[in-house]
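Bear in mind that the values in this text are calculations on the coordinates, not laboratory data. Note that this is a predicted model, so its numbers are computed, not measured. Cβ atoms come from the backbone with ideal geometry, glycine included; neighbour counts cover every protein chain shown.
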Amino acid sequence: MSENTIIQIRNHGERLFSSLHREFYSNLTGLSKKSGIEEIFNSHREFGEPELFHSIDEQVKAADESKAGLELLRAFLADMYVMSRTSSQRDKILTTEARSVLKIGKKRIPYRSAHQKILNEPKKKRRDEIENHRAEAQEKLIPHLLDMHYVSGGASENLGFSNYARLKEYTETQDTSALVKEAKLFIRDTEYVSKEMLKWFFVKHMELPLKDATSADVAFMLNSFELKGGFPDNEYIVCAARVLDDSGLVNSSAVIADSEKRKGKSSQSYLFPISPPNEMEVSIFPAGGPEDYESYLSALGSALSYAFTDRDDDFEYRCLRDPVQTEIFSELFNNLIFERTWLDRYIDYEPSEDFYKLLFLRRLMSAREEAGRLIYEASLYSGESLDNLPDIYKEIMENALHVRVNEGGFLSIRDIRKPMRSDSRFKAILIEPSLTKYLQESFDEDWWRVKEAGDYLRNVWCEGGRISSDQIIETTGFNGTGASLRGIFESELG
């Protein structure tokens with residue numbers, strides 16, 4: 001492959017990258033109910049050719065100093081090839097989601113805002129109704145999700161891999177089997193404390209036996225009661241701005257927050273790096289309580305990892321990332337709400353001990369859910385028969401969450417841009433405590449108010465895609481297990 005070809009991949013790739021994120025932003029934020037992913041790829045047909053991936057793969061194998069950048073381009077080309085082959089299915093999924101409405105009595109609830117409604121619905125019967133109608137709406141998506149799943153597998157085979165999981169593992173240099181083992185250990189080792197604490201809070205706050213609870217009940221409880229009162233509505237952006245000011249990480253004007261509640265807007269938080277470092281959109285659907293703070297800080301942490309990159313750097317270093325790297329910084333900022341001194345400084349509230357226990361139970365259940373998703377997705381994307389997957393999904397997720405889970409979500413995708421994301425998410429969850437400890441030992445226990453810590457992070461982010469999660473692991477001394485994470489929960493909930 002000639003240098004001229006690399007330049008063309010950069011130029012055309014950047015245009016494709018920007019167009020796709022702009023299109024995803026438009027649909028997922030409810031600005032447009034139609035999706036045009038297939039149309040974009042019709043204008044970039046070269047990314048639908050497997051030869052492009054194979055040619056740069058050969059370059060990676062022969063490279064030395066430029067290997068990091070070529071690996072980023074290789075992962076990008078693999079993603080674009082699979083996305084090009086599944087673009088029509090993605091359009092159908094996105095368009096159906098944006099237009100779907102749940103009809104509950106005389107009310108109409110947009111499908112994508114059902115989660116936000118559940119978080120604010122105090123009546124269990126009503127939560128169950130919303131969840132059941134959401135499950136019915138999900139059934140309309142299953143044919144498109146199945147089609148996308150099979151086409152993704154076929155596209156992976158075209159690139160020389162037995163399934164999508166193997167392709168992703170290869171391009172992201174991820175040891176998925178080792179992560180699955182760690183996820184199973186984490187679920188096993190936190191089984192007792194999570195179940196007992198969940199049982200206790202359900203009885204105390206909702207007079208609800210654990211055997212009768214559902215995942216919707218868990219979502220509601222972990223965003224209500226003491227927690228709801230401790231996190232003022234509509235203050236999360238102001239709170240985050242204070243953190244950035246204290247740490248010297250002035251929020252770039254290129255990071256734009258979209259917090260409007262639109263029909264058809266996803267209730268999940270997203271970062272859309274449309275043109276790093278010049279244009280990045282952060283989207284959240286406010287629900288009140290700690291959900292808003294976590295959602296915004298999580299997306300902001302990812303955005304900041306792009307915001308300080310040299311705008312004249314090559315495409316692969318400005319726009320592309322080791323996915324675990326961005327998830328680590330997402331976790332770093334997301335987890336600020338679990339720091340007691342951070343809460344004392346930025347939240348005007350006098351918390352009880354129950355507040356802290358419920359808050360850390362929220363963090364624990366989130367980690368257990370991610371571990372469960374990883375275990376399940378490793379099976380889903382490894383080419384196994386789909387015949388028994390609904391039952392497998394239900395068994396794994398009920399074991400992780402201790403409550404009833406609807407098996408209809410066995411093909412649900414949290415981020416259609418990257419269907420198999422749980423491995424990166426769970427690995428980041430494991431690594432983040434080591435990064436926090438490194439920042440505390442290097443700068444201050446309250447690192448988030450120390451400008452030298454901000455300078456350190458800015459210097460890391462200035463390197464863009466050159467900094468991998470492996471380099472962060474080497475710096476922080478992460479040992480590859482969840483020992484530090486389990487220690488946090490033992491300390492706070494034990």
Full-stretch length increase - Ile142, Glu407 - with 0.36 nm per residue and alpha-carbon distance subtracted: 94.2 nm
Anchor Lys181: lysines whose Cα lies under 27 Å away (excluding residues fewer than 8 positions away in-chain): Lys168, Lys195, Lys199, Lys394, Lys418, Lys427, Lys437
Length-normalised contact order of the chain, Cα under 8 Å, at least 6 apart, in percent, tallies to 19 percent
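Is it possible to state the helix-based mean residue ellipticity at 222 nm for the chain, with each DSSP H run of 4+ residues giving -39500 (n - 2.57), the sum divided by total residues, to the nearest 500 deg cm²/dmol? What is it? Please report the intermediate quantities before stating the final value.
Details: 23 runs with 315 residues, N = 494.
Mean residue ellipticity, 222 nm, calculated: -20500 deg cm²/dmol.
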Mean Cα-pair separation over length for the range 260-405, i.e. relative contact order, pairs under 8 Å, 6 or more apart, %: 16 percent
Cβ density ranking, 10 Å radius, fewest first, applied to Asp64, Asp446, Asp292 yields Asp64, Asp446, Asp292
Taking the Cβ of each residue in Arg486, Arg188 as the centre, tally the other Cβ atoms inside 10 Å and list the residues starting with the fewest. Arg188, Arg486
What ranking do Glu51, Glu169, Glu441, Glu14 get, fewest neighbouring Cβ atoms within 10 angstrom at the top? Glu51, Glu441, Glu14, Glu169
Which of the aspartates and glutamates could be linked to Lys125 by a straight reach, that is with a Cα gap under 18 Å, when you skip same-chain ones fewer than 8 residues away? Glu136, Glu207, Asp212, Asp217
Answer label for semi-axes √(5λ) of the Cα gyration tensor in Å (calculated), chosen among (1) 40, 31, 18; (2) 39, 32, 22; (3) 33, 28, 22: (3)
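Relative contact order, percent, of the range 200-335 when contacts are C-alpha pairs under 8 Å separated by at least 6 residues? Kindly include the intermediate steps, with their values, before the conclusion.
Working: 176 pairs, mean separation 29.3, N = 136.
For the range 200-335, the relative contact order is 22 percent.
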